[in-house]
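Everything below concerns the one structure shown next.
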Amino acid sequence: MTMFKGIAASDGIAIASAFRLTDPNLSFDKKTVDDSDHEMSRLHRAIDISKQELRTIQQRTLKDLGIHESEVFKAHIAILSDPEFLKRIENTILSQRVNAEYALKTVSDGYVKIFNSMTDNDYIKQRSTDINDVTKRVLSHLLGVKLTDPALIDHQVVVIAHDLTPSDTAQFVPNYVKGIVSDMGGRTSHSAIMSRSMEIPAVVGFQGDLADIHNGDEVIVDGLTGNVIVRPTPEEKHRYQAKIRDFQARTSQLAAFKDEATTSSDGKHPILAANIGTLDDLQAAIENGAEGIGLFRTEFIYMDSESLPTEESQFNIYKTVVQKMAGKPVIFRTADIGGDKDLPYLHTPHEANPFLGYRAIRMSLDQPDIFRTQLRALLRASAYGNLSIMFPMIATTIEFQHAKRIFEDERQKLLEKGVAVGDIKLGIMVEVPAAAILADQFTNLVDFISIGTNDLIQYVMAADRGNRRVSYLYQPYNPAILRLIKHVIDACHENQTPAYMCGEMAGDQKAIPILVGMGLNEFSMSATSILKSRALIKELDSREMVTLANKTVSMASTSQEVLKYVHQALDES
Ligand code: PEP
Ligand code: MG
């Protein structure tokens with residue numbers, strides 16, 4: 001048995017066998033061959049196996065994830081069935097007397113180059129990604145290397161990965177992926193956030209060597225403490241099975257809080273809302289008793305699509321969400337594309353610092369057609385429920401005013417056409433330090449502010465939220481962060497502007513007492529954190545928490561001191 005430490009990223013405990021999701025080595029040499037027939041039959045065999053494999057994945061994806069997700073595999077099969085594609089590879093083998101690997105790669109690179117040069121056609125460009133994917137698959141069969149494909153997982157596993165992109169995570173079927181261990185990323189990286197919405201226990205920032213975990217090894221992932229146990233002894237496994245039962249018992253006890261109001265012991269009532277990114281998440285939010293949606297990450301709709309989603313498809317999703325929330329408030333954040341949420345079909349040039357680059361509102365204002373389409377969809381959906389809009393990554397008041405002008409323009413045009421539009425509140429995310437510092441200026445312009453601590457912390461501490469090596473600096477309880485948050489909340493209250501928070505800190509059990517003391521009006525979090533946060537807030541006296549909050553911002557100089565004050569306050573309350 002070996003025990004490793006990491007960062008606890010998604011609650012729960014899983015025991016299953018390891019499934020390593022690693023990038024395979026697909027390198028090969030160019031070879032001159034005498035026996036071209038042999039190369040031809042190797043090629044045909046590799047293509048046949050790939051097609052069979054793709055059919056299996058397509059069926060499974062269709063069954064588990066839906067028609068949309070399965071379409072990409074249909075496209076891959078179509079490429080491998082294209083006579084022109086095959087002919088070109090065969091001709092290369094015959095005319096240049098080269099090995100099948102080289103012929104396949106040369107032809108495929110040729111297609112990709114042509115497609116990429118068609119800069120004005122996103123559909124064609126997407127085909128180049130498909131050709132690359134298909135080529136990888138056929139190459140793996142030619143080289144006898146196993147591809148590790150998330151969509152191929154068909155039994156219960158713990159996924160072991162160096163890094164996980166949000167789109168890798170989106171392909172996981174929760175029935176099979178029981179746990180996740182990754183050595184990159186922090187608690188607020190987007191794949192960690194997604195694993196929480198999918199309720200998959202996860203440990204990120206793994207501190208051991210992933211090479212020590214082999215395919216098929218039994219692994220325990222403790223998403224509550226950040227422990228990972230590889231090849232546990234029977235006693236250890238027994239101990240964890242008991243922990244799983246405790247966790248399940250606690251989860252069902254919390255269910256009693258589902259329909260209760262979130263009222264502190266002295267009668268204060270902050271709103272507990274959920275962060276969501278998909279319609280599936282919405283269901284979880286409702287089941288966990290969310291009093292609203294404090295953040296709908298609309299960029300997930302864009303990431304779940306092979307080209308820009310149309311106004312109609314967005315409208316249908318937004319309308320469904322507000323209707324299902326039946327009058328409870330829903331805040332849609334306009335697309336926060338960029339950073340680690342890249343859209344391959346936009347072909348945005350590579351940047352050295354994507355988190356400081358062309359992202360979120362910066363992209364929206366620069367590509368107003370995309371922005372306007374989204375705003376029209378939101379405006380139309382507002383007639384069906386309680387809908388607010390907020391803009392991500394606002395750094396200056398001018399950006400907000402610019403975005404608002406575009407919004408007003410689209411609103412006016414719809415009204416002129418006689419389209420029904422609801423009463424929409426407009427707000428901003430405060431996640432760039434400049435906006436936090438100038439919060440008082442923003443409160444004159446906006447209807448509400450929502451503090452995005454996931455980014456705010458990384459920008460204040462200059463520590464990438466997804467980088468394990470600097471994760472020790474990613475400190476939600478650092479007094480510098482707390483002072484800035486208090487400054488924003490105070491500025492809001494001085495100007496009667498509601499102060500919300502939708503960063504992960506809003507669902508952090510150690511931060512909640514401080515935030516209650518600061519008078520935060522809405523806490524928006526992963527659905528799975530709502531019930532335990534409600535249970536906690538009901539135990540707190542907000543007046544005592546005011547004292548706690550003041551102590552943490554005026555007397556502490558480190559996170560450790562802050563945590564000491566929090567523990568004292570909770571023990572005394
Ligand atoms: C944040 O930055 O706190 C936030 C909620 O947005 P995201 O995590 O999507 O960047
Ligand atoms: Mg953010």
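The values are calculated or read from the model by the stated rules, or taken from the named source; none is laboratory data. In this text the structure is predicted, and so the values were computed from the model without any measurement. As a convention, Cβ positions derive from the backbone with ideal geometry for all residues, glycine included, and neighbour counts pool all protein chains shown. Ligands, DNA and RNA are stripped out before the accessible areas are found, and what is left, the full protein with its side chains, is counted by its heavy atoms. Shrake-Rupley method; radii C 1.70, N 1.55, O 1.52, S 1.80 Å.
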Requested in this report: Kindly indicate the residue of segment 424-445 that is surrounded by fewer than 18 Cβ atoms within 10 Å (Cβ to Cβ) and within 16 Å of ligand 1 (Cβ to nearest atom) and also farthest from A403 (Cα to Cα) among those meeting that condition.
Outcome: P433
Query raised in the report: What tally of residues in segment 266-282 results from selecting those that are closer than 17 Å to I193 by Cβ and open to solvent by 80 Å² or more (accessible area, probe 1.4 Å)?
Result: 1
Query raised in the report: What are the pairs, 6+ residues apart or on separate chains, where a residue within segment 391-415 that is within 13 Å of G427 (Cα to Cα) and modelled with pLDDT of 95 or more has its Cβ under 6 Å from a residue that is more than 16 Å from ligand 1 (Cβ to nearest atom) and open to solvent by 60 Å² or more (accessible area, probe 1.4 Å)?
Result: T397/Q441
**Report entry** Unmet criterion (only one of (1) within 30 Å of V228 (Cα to Cα); (2) among the β-branched types (V, I, T); (3) in contact with a helix residue (DSSP H, G or I) (Cβ under 7 Å, 6 or more places away or on another chain)) for T22
**Finding:** (3)
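Outside any strand (DSSP E or B), away from ligand 2 (no atom under 16 Å from the Cβ), surrounded by fewer than 24 Cβ atoms within 10 Å (Cβ to Cβ) and not polar (S, T, N, Q): is that true of D409 in this structure?
Details: outside any strand (DSSP E or B): yes; away from ligand 2 (no atom under 16 Å from the Cβ): yes; surrounded by fewer than 24 Cβ atoms within 10 Å (Cβ to Cβ): yes; not polar (S, T, N, Q): yes.
Judged against the criteria, D409 is a match.
Could you say which residue among R465, R483 is open to solvent by less than 50 Å² (accessible area, probe 1.4 Å) and either closer than 22 Å to Q560 by Cβ or aliphatic (A, V, I, L, M) (or both)? Quick ask: steps written out before the conclusion?
Values: R483 fails: open to solvent by less than 50 Å² (accessible area, probe 1.4 Å).
None of the other options fit; the residue is R465.
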Query - Residue under evaluation Q496, criteria (1) without any contact (Cβ under 8 Å) to a residue 60 or more places away in the chain; (2) polar (S, T, N, Q); (3) touching a Leu at 6+ places or on another chain (Cβ under 7 Å), criterion not met - result: (3)
**Report entry** So F391, is it buried (at least 18 other Cβ atoms within 10 Å of the Cβ), assigned by TED's automatic domain parsing to the domain that holds N275 and more than 16 Å from ligand 1 (Cβ to nearest atom)
**Finding:** no
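Listed here are the residues, each with its yes/no results for (1) under 22 Å from N275 (Cβ atoms); (2) among the small types (G, A, S); (3) over 22 Å from the mean Cα position of the chain (by Cα); (4) within 16 Å of ligand 1 (Cβ to nearest atom).
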residue	(1), (2), (3), (4)
L456	yes, no, no, yes
A491	no, yes, yes, no
Y500	yes, no, no, yes
L515	yes, no, yes, yes
I530	yes, no, no, yes
S542	no, yes, yes, no
**Report entry** Residues of segment 315-345 classified as at pLDDT 90 or above and out of contact with any strand residue (DSSP E or B) (no Cβ under 7 Å at 6 or more places or on another chain), total
**Finding:** 13
Query raised in the report: Which one of the conditions (1) more than 23 Å from P368 (Cα to Cα); (2) assigned to a helix (DSSP H, G or I); (3) away from ligand 2 (no atom under 14 Å from the Cβ); (4) of a type outside the set (D, E) does A463 fail to meet, given that it meets all the rest?
Result: (2)
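Show me the helices (runs of 4 or more DSSP H) entirely contained within segment 10-120 in which 2 or more residues are surrounded by 14 or more Cβ atoms within 10 Å (Cβ to Cβ) and in contact with a Lys or Arg (Cβ under 7 Å, 6 or more places away or on another chain).
Working: elements: 36-64, 67-80, 83-96, 100-117.
The qualifying helices (runs of 4 or more DSSP H) are 36-64, 67-80, 100-117.
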Requested in this report: Out of Y472, Y477, Y565, report the one residue that is over 25 Å from Q441 (Cα atoms) and within 16 Å of ligand 1 (Cβ to nearest atom).
Outcome: Y477
Requested in this report: State all residues of segment 316-363 that are away from ligand 2 (no atom under 16 Å from the Cβ), open to solvent by less than 40 Å² (accessible area, probe 1.4 Å), among the aliphatic types (A, V, I, L, M) and farther than 19 Å from D280 by Cβ; if no residue qualifies, say none.
Outcome: L343, L346
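Let's see how each residue does on (1) small (G, A, S); (2) closer than 21 Å to T169 by Cα:
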{"residue": "I15", "(1), (2)": "no, yes"}
{"residue": "P24", "(1), (2)": "no, yes"}
{"residue": "T32", "(1), (2)": "no, no"}
{"residue": "S50", "(1), (2)": "yes, no"}
{"residue": "E53", "(1), (2)": "no, yes"}
{"residue": "S70", "(1), (2)": "yes, yes"}
{"residue": "D82", "(1), (2)": "no, no"}
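If you scan segment 486-504, which residues turn out to be closer than 21 Å to N288 by Cα and open to solvent by 10 Å² or more (accessible area, probe 1.4 Å)? Working first, answer last.
Initially, segment 486-504 is screened for residues closer than 21 Å to N288 by Cα, giving 500-504.
Residues satisfying the conditions are Y500, E504.
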Report task. Sort out which residues of segment 469-522 are in contact with a Phe, Trp or Tyr (Cβ under 9 Å, 6 or more places away or on another chain), hydrophobic (A, V, I, L, M, F, W, C) and more than 16 Å from ligand 2 (Cβ to nearest atom), and write them in order of number. Result -> A491, C492, A499, A511, I512, I514, L515, V516, L520
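Restricting attention to helices (runs of 4 or more DSSP H) lying wholly within segment 484-573, give those where 1 or more residues are acidic (D, E) and on the phi < 0 side of the Ramachandran plot. Please lay out each step first, then the result.
Values: elements: 512-518, 527-539, 542-555, 559-572.
The qualifying helices (runs of 4 or more DSSP H) are 527-539, 542-555, 559-572.
Take segment 304-348 and flag every residue that is among the aromatic types (F, W, Y) and in a strand (DSSP E or B). Let's see the steps before the verdict.
Initial filter on segment 304-348 (among the aromatic types (F, W, Y)): 315, 318, 332, 345.
Matches in segment 304-348: F332 only.
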Query raised in the report: Hey, among the residues in segment 364-373 that are assigned to a helix (DSSP H, G or I) and more than 20 Å from the chain's Cα centre (by Cα), which one's surrounded by the fewest Cβ atoms within 10 Å (Cβ to Cβ)?
Result: D369
